[in-house]
Every structure is written in structure tokens, then in C-alpha cells.
1. Out of (1) under 22 Å from Asn118 (Cβ atoms); (2) exposed (fewer than 11 other Cβ atoms within 10 Å of the Cβ), the odd one out for Thr231 is which?
2. Which of the numbered conditions does Leu45 fail, given that it passes all the others? Conditions: (1) out of contact with any Asp or Glu (no Cβ under 6 Å at 6 or more places or on another chain); (2) touching a residue at least 12 places away in the same chain (Cβ under 8 Å); (3) open to solvent by 10 Å² or more (accessible area, probe 1.4 Å).
3. Just one of Pro55, Pro63, Pro108 is free of Cβ contacts under 8 Å to residues at least 12 places away in the same chain and at negative phi; which is it?
4. Of the conditions (1) without any contact (Cβ under 8 Å) to a residue 12 or more places away in the chain; (2) under 28 Å from Ala60 (Cα atoms), Tyr177 satisfies every one except a single condition; which number is it?
5. Being in contact with a Pro (Cβ under 6 Å, 6 or more places away or on another chain) and farther than 26 Å from Ile223 by Cβ is true for just one of Ile103, Ile93. Which residue is that?
Amino acid sequence: MNEDSLDKILGGKLRIFQKKRGYRFSLDSFLLAYFVSLKSKGKALDLGTGNGIIPLLLAAHYPHVAWVGLEIQEEMARLARKSIELNGLQDRIEVVTGDARKIEEIFPARAFDIVTCNPPYRRVNSGRINPDQEKAIARHEIVGSLSHFLRAAKYLLKPGGRFFTIYPAERLAELIYQFRLHGTEPKTMELVFSDEDSVAEFVLVEGRAGSREELTIKPPLFIYNRNKKYTEKMNDIFNALAGDD
């Protein structure tokens, strides 16, 4: 039986339910949460929210931002709702079960200021698909691809609204192509490296609906130092997310 586990993160300031053997969030969720910039008020949506890790990480910092998480897997949505209740964030986060490919049936157009997404990274025909359904759907483009999520974001965002995502650096060319195909202009980009001797692993991108062509590339982010410990920057990110900055 695949039981739930209750994990403490950010020094115990946040508790989250996950499956012991199913899909579990990873470091890229923290990287995306760090990259997202929110105004003091507004309405934000996390597409493919999984166990709700992105809204959970950000809700405490932005008490006047209303979050909605959209998740296609009911079991993942159940875990997200459990974590939201456990952390006392019911008034800030709502989880809706639904398919981003049918976004018009779920939400009205132009209802959100911000859309975030940590999409599946792997094509269906690339590599072995995990037999665990939760892991397979989270990692492979089985029930949704970057293109589907960008189409949904274009429909959901208010004029000038912003879309934040994280994607493999090796698929950067495709990411930019898909952004522009769906009327979203890349505005800010940050490359993430495992360490100073590695090639880029992820790219963090902010896009804006209907914006002009102008891209800011931030300094690179290194996860580990030469001693295989988290860099000072990564520790600053964890502290900021924990509210210790």
C-alpha cells in the first residue's frame, strides 16, 4: 500500500503530505518558487499543482494573494488539500481538480494576474516511462505538455499578466518557440547550474502576455559549491522561502 508521508520543510515551518513511493516534489519546485515575483495583491494560479508545493511555499509570504491550484490527478489534489488545511492556509489556497487542456470549462477568461507551472519535462517517446502513474504523469507529457499549459495561461491571464515556469535548459529553444507561438514574450530568464563545472541544467523564465520583445538575462544560479554543499545563494533562497531573510 502506498501510504502518505508527512514531511517538514524549511526548518519545520511548512508541513506537506506526499506519497512515500509516488511522486514527490524536488528542488526545482523551490527554484521556481524563488523565481516567482508577486505584487502585494492579486490572484494566482498554479497549473499542474501536484501536491500544492508552489502555492504552499508562496502563500505565507503574500497574504493578500489568492492562490488556486489546478491538478488533473484527484489523489494528488487530495494530498494538496490536506497540506493546505494542516498549514492553516484554507483562506489563501484553493485546489481544483481539472484538465488544463479543457481550461475554458473550468475558469473564466482573463481571471488571473499570475500563472505558474512546473510542467512535465520529458516527451512520451523519450526514455522509460515510470510504471507509477503519478510519477509518469508528472515527468512525461502524457496528459499535458508545455504547449498545453501555455495555451491555458494565455486564456487565463489578464492583459499584462505574467507566466513563470522552469524547464530543462537543453529544451530552451523549444521553450522560447512555444512562448511566442502562444502570444507570450519571454521577459526574464535565469540559467541554473548544478555547479561551476557543469552545463546548465534548468532555465527559469518569466513571460508576459502580449508584451514587446525585450529580454533580461539574470546572473547564473549555482546550486552546489565545490564541496558539494549548497551555495550561499541557495541557502539564501531557502531562508527567504522560510521567512528568515
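1. Only one criterion is unmet by Thr231, namely (2).
2. Of (1) out of contact with any Asp or Glu (no Cβ under 6 Å at 6 or more places or on another chain); (2) touching a residue at least 12 places away in the same chain (Cβ under 8 Å); (3) open to solvent by 10 Å² or more (accessible area, probe 1.4 Å), only one is false for Leu45: (3).
3. Exactly one of Pro55, Pro63, Pro108 is free of Cβ contacts under 8 Å to residues at least 12 places away in the same chain and at negative phi, namely Pro108.
4. (2)
5. On the way: Ile103 fails: in contact with a Pro (Cβ under 6 Å, 6 or more places away or on another chain).
After applying the criteria, what remains is Ile93.
Conditions (1) farther than 26 Å from Tyr62 by Cα; (2) among the aliphatic types (A, V, I, L, M); (3) open to solvent by 50 Å² or more (accessible area, probe 1.4 Å), marked per residue:
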| site | (1), (2), (3) |
| --- | --- |
| Leu181 | yes, yes, yes |
| Asp197 | yes, no, yes |
| Arg208 | no, no, yes |
| Ser211 | no, no, no |
| Thr216 | no, no, yes |
| Tyr224 | yes, no, yes |
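The values are calculated or read from the model by the stated rules, or taken from the named source; none is laboratory data. Bear in mind that the values here come from a model prediction, so they are computed numbers and not experimental data. Please note: Cβ atoms are built from the backbone with ideal geometry, for glycine as well, and neighbour counts cover all protein chains shown. Ligands, DNA and RNA are excluded from the accessible area calculation, which covers all protein heavy atoms including side chains. Shrake-Rupley method; radii C 1.70, N 1.55, O 1.52, S 1.80 Å.
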